[in-house]
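Below is one structure, written out as structure tokens; the observations come after it.
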Amino acid sequence: MENTITSPAATHLRTVESLPGPRPWPLLGNLPNMELRHIHRSVEEWSKRYGPMFKIYIGSTPMVVLAGHDLVNAALRDRPDGFRRPSITAEVSNEMGGRPGVFLAEGAAWRNQRRMVMTALAPHAVKAYFPSLVSVGLRLQRRWRQAARDGSAIDLTEDLKRFSVDVIAGLAFGSEVNTIDGGEDVIQRHMDVILPEVSRRSFAVFPYWRYIKLPHDRRLDKSLRAVDKAVDELIAVARARLAAEPQRREHPANLLEAMICAADEGDSGVDDVAVAGNVTTMLLAGEDTTSNTLAWMLYLLQQNPAAMRKAREEVLRVAPDPAAFNIEQMDGLDYLDACAQEAMRLKPVAPFMPLEALRDSVIGDVQIPKGGLVWCVMRHDSVSESHVPQADQFDPDRWLKKGDGAMDKHVSMPFGSGVRTCPGRYLALLEIKLASAMVLSSFDIASLDTVDGEEPEELMAFTMSPVGLRMRLRDRVA
């Protein structure tokens, strides 16, 4: 059965082979022209040259590139029935011993897991956890206050990763994790090894690791074992809590307990493998995505003093005391929310999204065969003057305008689109507002830049992170 996502006015349909695109190399396709660390930038540059639809080759495999936001939005909304994440990603994950969570799950398994994850991350559940989130924010404030007094530089991305891990561990797993104060973050350390390998192997032309192990492959195997051990320990602790307090099964206190209870019922479609997979998925989603967005946002604010002043004025008016933060204050930080939206428009942590067709489809005027691969460029129209005035400028006010001149929110899709929109959206924005409000109310940023003073490199691993950002703070005098 063929699915038409967007129907052209003309009846003539193009094939994938007929699309324009950069000339491929024999066997390797366009990979020699793409540095994996900056692969998103290569495809973005080709989008400017070849337009909203063209083709590239990963090895001998063609991929249709969608750069227009209307085409991207339509493809994302045709999930999970028309498109899925590429099967190669799941194959690489399975080969590495990965246990699938809601991120990689498809079909009925995805629907079963999605229900529980959505419930755990719903606004009312996150709001109930808010006092603990404030405690983590105050922990970060103490750490940065000491750095300010010592005059020492803060590794911004690493500290924000610790903040995000501590938040998600408490909300999703009921575990008091304190990596901010120097506790060992086993999973973060090993995720930094694992996630780039998932990306690298997904783009590999030949799976050499099946035949020979290089040093970094052996390091990967060690990290995989360590993460499995850490995840199994989290599950064991949660099971012990449920055994000691059986009444918790009636009202699970966190996502992990809810998943274990569902798995034990036996008819939910969730088993122990899915439980472990979602533990890993939540830690991944809670670490890299939110922390990188926070880092980019603080950097962009520092580069734009007028926006920084306006954000600080709002924080001091609405939420001046981090120790007294409440959920109503966070919901009232409209300009800070706009700063986050603007940072995600300019620096999306997921600048592209690959998909695989589950059936014959038509996108625009191009036939996509079942099994065909699609590359969604998430940062094209969102930084194009034809869709966003002064698109290269950091201007949070564009998100607050109404009527004429208002930002078309379909142009920028940092959390995806359709039913597979990121379930952690509310938590991510709440974390971003709380951490940035803490900074703006407590400190002046003396400097936030790279060692050489250049714009931070966009490093593409599993997400897009800024490289080398160092921040120096001064205690703010009221």
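Values quoted throughout were computed directly from the atomic coordinates according to the rules given, and no laboratory measurement underlies them. Everything quoted here is computed from the prediction, not taken from an experiment. Note: ideal-geometry Cβ built from the backbone for every residue, glycine included; neighbour counts use all protein chains shown.
Some observations on this one:
- Ranking of 426, 129 by count of other Cβ atoms within 10 Å, fewest first: 426, 129
- The chain: relative contact order in percent, alpha carbon pairs under 8 Å with at least 6 residues between: 26 percent
- Across all Cα atoms of segment 33-91, the radius of gyration (one decimal) and Dmax (whole number) stand at 12.6, 33 Å.
- From phi via Karplus (6.51, -1.76, 1.60), per-residue ³J(HN,Hα) for segment 196-211 in Hz, x at Gly/Pro: x, 5, 4, 5, 4, 5, 5, 9, 5, 6, 9, x, 4, 5, 6, 10
- Stokes-Einstein D (µm²/s) once Rh is taken as the Kirkwood radius of segment 287-406 over alpha-carbon pairs, at 4 °C in 1.567 mPa s: 77 µm²/s
- Reachable lysines, given that their alpha-carbon falls under 19 Å from the alpha-carbon of residue 347 and they are not under 8 places away in the same chain: 48, 161, 409, 433
- Ranking of 339, 261 by count of other Cβ atoms within 10 Å, fewest first: 261, 339
- Given charges at beta-carbon only (K, R positive; D, E negative), |dipole| of segment 119-194 in Debye: 320 debye
- Across segment 432-448, coupling constants 3J(HN,Hα) worked out from phi with the 6.51/-1.76/1.60 Karplus curve, θ = phi - 60°, read 4, 5, 5, 5, 6, 5, 4, 5, 5, 7, 9, 9, 9, 8, 5, 7, 8 Hz, and Gly and Pro carry x.
- Annotation: segment 344-478 has a Kirkwood hydrodynamic radius of 18.1 angstrom, from the mean reciprocal C-alpha pair distance.
- Overall dimensions of segment 379-444 by Cα: Rg and Dmax, Å: 14.5, 40
- Amide H within-cut-off set for residue 66, under 5 Å, with H built and near neighbours excluded: 375, 376, 377
- For segment 223-230, 3J(HN,Hα) computed residue by residue from phi via the Karplus equation (6.51, -1.76, 1.60; θ = phi - 60°) reads 5, 4, 5, 5, 5, 4, 5, 5 Hz, glycine and proline entered as x.
- Eligible lysines near residue 402 by straight Cα distance, threshold 20 Å, same-chain separation 8 or greater: 310
- Amide hydrogen neighbours beyond the local backbone of residue 14, cut-off 5 Å, H modeled: 366, 367
- Computed packing ranks the peptides 78-89, 225-236 as 78-89, 225-236, most packed first, by mean other Cβ atoms within 10 Å.
- Sorted by Cβ density within 10 Å, fewest first, the residues 171, 214, 19: 214, 19, 171
- Amide H contacts under 5 Å for residue 29, placed H, 5+ residues apart: 59
- Over the chain: helical MRE at 222 nm, DSSP H runs n ≥ 4 each giving -39500 (n - 2.57), nearest 500: -15500 deg cm²/dmol
- Sequence-distant contacts, meaning Cα pairs under 8 Å at least 6 residues apart, place the relative contact order of segment 390-470 at 14 percent.
- Three-way shape label, segment 210-357, alpha-carbon gyration tensor, a/c 1.5: oblate
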